[in-house]
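Peer 1: Questions regarding the structure given below will be posed in turn.
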Amino acid sequence: MIIEILLLIIVCSSLYSQPSINNITPNSTEVQKYKKFELVVQFTAQYDNPYNPDEIDLYCIFISPTNKTWRINGFYDGVSSSWKIRFTPNEIGTWRYKVFVKDNSGETSSQNYKFSCVSSNLHGWIKIAPNKRYLMYDDGTSFYGVGDCRAWASYSNFDVLKNTGGMNIVLVWLGPPWMGMIENTTSGIGRYDQRVCSRIDNYIDTAEQTGLHIILCLWPHDALRIPGYPWQGGNWDINAYSQITTPEGFYSDTSTVWEYQKKLYRYIIARWGYSTALAIWNIISEINGTTGYVQNPTAAENWCRRVHEFFKTNDPYNKPTTGSKSGDQFWNNGYNIFDLVEYHTYKDNDVDSIARTISEFLRTAFVSFEKPNFVGEFGTQKQSLQPTYLHNAIWSALCSGAAITPMSWWWENVTDDMLNHMRIFSEFVKDIDFVNNADWKLPQCSIYPSGDIYVISCSSIVLGWVKSISDSKERNITIQGVNNGTYELKIYDTWSGFYFYSSEVESKYGSLSFILPATTKQDVAFKLVMKNKENSEHIVDIGNSILVKIPLKQNPVSVKNTQVVKIPYMVTTLIPTKVRVAIYDINMRLVKELTNGWEYKSSLYQEEEWDLKDKSGNKVGSGIYFYKIEAITDYKVKKILLDKIVIMK
């Protein structure tokens, strides 16, 4: 009997000690699509550290109107001393949800609840477009980033950036070390400084109100550097991880240190990941400025991959990641890890060289990685070079494949003039559909008389920027590798923000040419948008380079009462190419070679003539003949085109 009583006491005690949910308060029972839905949850549970999900785990299961399941983790807000769950719905209709609380004694759940999601004019969070080159909103709307780097600057001027500068994105640091890191030596490892968290709340709230998006840097290089190793300054001594490991161990320890980091990243995602204002996770800024990277670069890059994969697995909104090196270094290993390619440069103190430096990197990245790319930091302390320095950087970047404008570092030196140039730029790109075109490329182009030209194109759009043209001379611009058809040409004054010239331009045989009017302007931009597409050519490709094109109207050719047949074609690759053109009868017997065997072709437009004679000089009779164009590069890549000619006498 005594044993039975003791067992009953133990069972009752266990039931009593299990967590219990006392109250759930939603911010609304009706929320707009892509707006925050927040629950404040009151519960009773056993735990010591509210930031340790191994002790206390609050989460919610949301089920969408189309029955998709979302698990959203909760977090402890130490400012308001409350537990919260934040979520952003992306489907209109009735959502169902249930809250769960788990501690070391067990788990409990709430009853089922509902809320309604109604339409809004919002587009959702940022993600990578299907073409892998640009960014878009969750609803498929195109997003081209226009902004700068604000690091630890005040968020109070976000409205100025949006309204005056036309910006839509800024890069900020999660917690500048000297202003306080989330996890610091005062709060202690595994506990999060709520003053810093409150500051980030304010960043996010203000960005949402002003329509700005944030690239959030989790680890500035200062936080992971011992002063002087490798750079001056450093705040490793106030980093909470200094209490349990070394700078190298921060990267290489995959047990205790990594377990603490995972809990920190989970908290960051739970508290701020919901927001459509938070666009990109910047995992590490200038990793080569951290002590651990100098000591063990392999371990540091392996850490990058672990953090990237953690966010890919645990961020329910799948926001893109990025990271960077400093010192104008091409970080191939890092670019292979993160979703976006990011570059930093400070080497140029000249308005012309900055355009070339940025373009060279972005073009290289565009060819090397099928990912969005951008310059996350750049700048000059020579204020006399502004606004031309910024101006040249952003326009060259656009036409070299960037998904976001280069982000200027010295925000305290940003003038109204500089903001105005950002606004002018944003007006130019706002109606460009960067998303629904899968074939963005960097085409071959030429300008005469001389000038600097930067061009990017896709199947229906060509964007260009031309500088060094203020000599009042007309210029002929030719762009190759574009689709045939009629394009609307609009030329844009990049200094005043107005289109000052428009016309229609025809593209034939994959080549488009137009006259740029004489101007005294330093530079202009142009936009070509296809109006009518013509299916008028065969295209033979070697990789991304067009080798040979011939007009379809020649295939087949019906010839009557003529002395000669002209066979036009184009050779548009930079790879050294030999071509052979010959005529064959219906049985594919050689009639006549029109080239002298294999001939190198160096010019764009080519044409061979057949005088309707065979190789002996005799006139051929009526019938069906074929002309064959063979092209071979010095790399032994060979392509053949074969089409017929009908001769009637």
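Peer 1: By count of other Cβ within 10 Å, fewest leading, how are D416, D222, D585, D315 ordered?
Peer 2: Values: D416 10, D222 23, D585 15, D315 19.
Placing the least packed residue first, the sequence is D416, D585, D315, D222.
Peer 1: Right, here's the next one. Which three lengths, in whole Å and largest first, does the chain cover when its Cα atoms are put on their principal axes?
Peer 2: Computed over the Cα atoms, the extents are 121, 66, 48 Å.
Peer 1: Among 227-233, 84-90, 100-106, how do they line up by average Cβ neighbours within 10 Å per residue, starting with the highest? Spell out each step's value before the answer.
Peer 2: On the way: 227-233: 12.9, 84-90: 20.7, 100-106: 17.3.
Sorting 227-233, 84-90, 100-106 by mean packing, highest first, produces 84-90, 100-106, 227-233.
Peer 1: Moving on. Could you work out the percent of alpha carbon pairs in the stretch 304-425 separated by over 20 Å, rounded to a whole number? If you can, show how the numbers build up before the last one.
Peer 2: On the way: 3243 of 7381 pairs.
I get 44 percent for the Cα pairs in the stretch 304-425 exceeding 20 Å.
Peer 1: Grab the Cα-Cα distance for F498 and S368, subtract it from 0.36 nm times how many residues apart they are, and report the gain in nm with one decimal. Before the final figure, lay out the partial values.
Peer 2: Working: separation 130, 0.36 × 130 = 46.80 nm, distance 3.49 nm.
Going from the current span to full extension adds 43.3 nm.
Peer 1: Give the order of H221, H123 when sorted by the count of other beta carbons within 10 angstrom, beginning with the fewest. Before the final figure, lay out each step's value.
Peer 2: Details: H221 25, H123 17.
Ranking H221, H123 by Cβ neighbours within 10 Å, fewest first, gives H123, H221.
Peer 1: For the stretch 359-428 and the stretch 447-483, what is the separation of their C-alpha centers, rounded to whole Å?
Peer 2: That distance is 19 Å.
Peer 1: Follow-up question, since we're still on this one. Where Lys and Arg each count +1 and Asp and Glu each count -1, what net charge lies around V435 among other residues with Cβ under 14 Å from its Cβ?
Peer 2: Working: positive: K127, K132, R133, K430; negative: D138, D139, D431, D433, D439.
So the surrounding residues net to -1.
Peer 1: To continue, here is another question. Kindly write out, for the stretch 105-119 in residue order, the coupling ³J(HN,Hα) from the Karplus curve 6.51 cos²θ - 1.76 cosθ + 1.60 (θ = phi - 60°), rounded to whole Hz, with x marking Gly and Pro.
Peer 2: Each residue's phi maps through the Karplus curve to give 9, x, 9, 9, 9, 8, 6, 7, 10, 9, 8, 9, 10, 10, 5 Hz.
Peer 1: So which of K430/K531; K36/K312; K84/K319; K371/K601 end up more than 29 Å apart, counting from Cα to Cα?
Peer 2: Numbers: K430/K531 19 Å; K36/K312 21 Å; K84/K319 21 Å; K371/K601 34 Å.
Pairs exceeding 29 Å: K371/K601.
Peer 1: Something else about it: Give a residue-ordered list of calculated ³J(HN,Hα) values for the stretch 425-439 (Karplus: 6.51 cos²θ - 1.76 cosθ + 1.60, θ = phi - 60°; whole Hz; x for Gly, Pro).
Peer 2: Each residue's phi maps through the Karplus curve to give 4, 5, 5, 5, 8, 5, 9, 8, 8, 7, 8, 8, 9, 9, 10 Hz.
Peer 1: Moving to a separate point now. With Rg and the Kirkwood Rh both taken from Cα atoms, where does Rg over Rh land for the stretch 7-164? List each step's numbers first, then the result.
Peer 2: On the way: Rg = 20.0 Å, Rh = 18.5 Å.
The Rg/Rh ratio comes out at 1.08.
Peer 1: Output ³J(HN,Hα) for the stretch 371-377: one whole-Hz value per residue in order, computed from phi by the Karplus curve 6.51 cos²θ - 1.76 cosθ + 1.60 with θ = phi - 60°, and x for Gly and Pro.
Peer 2: Values per residue, Gly and Pro as x: 9, x, 9, 6, 9, x, 8 Hz.
Peer 1: Tell me the mean residue ellipticity at 222 nm calculated for the chain from its helices only (DSSP H runs of n ≥ 4, each -39500 (n - 2.57), averaged over every residue, nearest 500).
Peer 2: -6500 deg cm²/dmol
Peer 1: Could I ask something else about it? Compare the peptides 588-597, 143-152 by average per-residue count of other Cβ atoms within 10 angstrom and give them in order, highest first.
Peer 2: Packing proxy ranking, top to bottom: 143-152, 588-597.
Peer 1: For every other residue with a beta carbon closer than 15 angstrom to the beta carbon of S468, add +1 if it is Lys or Arg and -1 if Asp or Glu, then tell me the sum. It would help to have the intermediate numbers written out before the result.
Peer 2: Details: positive: R356, K467, K473, R475, K521; negative: D350, D352, D452, D471, E474, D523.
Summing Lys/Arg as +1 and Asp/Glu as -1 gives -1.
Peer 1: Charges at C-beta only: +1 for Lys and Arg, -1 for Asp and Glu. How large is the resulting dipole of the chain about its Cα centre, in Debye rounded to 20? Display every interim value, and only then the final one.
Peer 2: Numbers: 64 positive and 67 negative charges, 462 e Å.
The dipole of the chain has a size of about 2220 debye.
Peer 1: Using only the Cα atoms of the stretch 223-343, what do you get for the radius of gyration and for Dmax, in Å?
Peer 2: 14.2, 39
Peer 1: Applying a 10 Å radius around every beta-carbon, put 435-441, 156-162, 333-339, 405-411 in order of their mean neighbour count, most first. Can you show the working numbers first?
Peer 2: Working: 435-441: 15.9, 156-162: 17.6, 333-339: 19.7, 405-411: 22.9.
Most protected by this proxy first, the peptides run 405-411, 333-339, 156-162, 435-441.
Peer 1: Going by how many other Cβ atoms sit within 10 Å of their own, how do I479, I24 line up, fewest first? Let's see the in-between values first.
Peer 2: Values: I479 25, I24 19.
Placing the least packed residue first, the sequence is I24, I479.
Bear in mind these aren't lab numbers, they're just calculated from the coordinates by the rules spelled out. Quick caveat, the model's predicted, so the values are computed rather than measured. We place every Cβ from the backbone using ideal geometry, glycine too, and count neighbours over all the protein chains shown.
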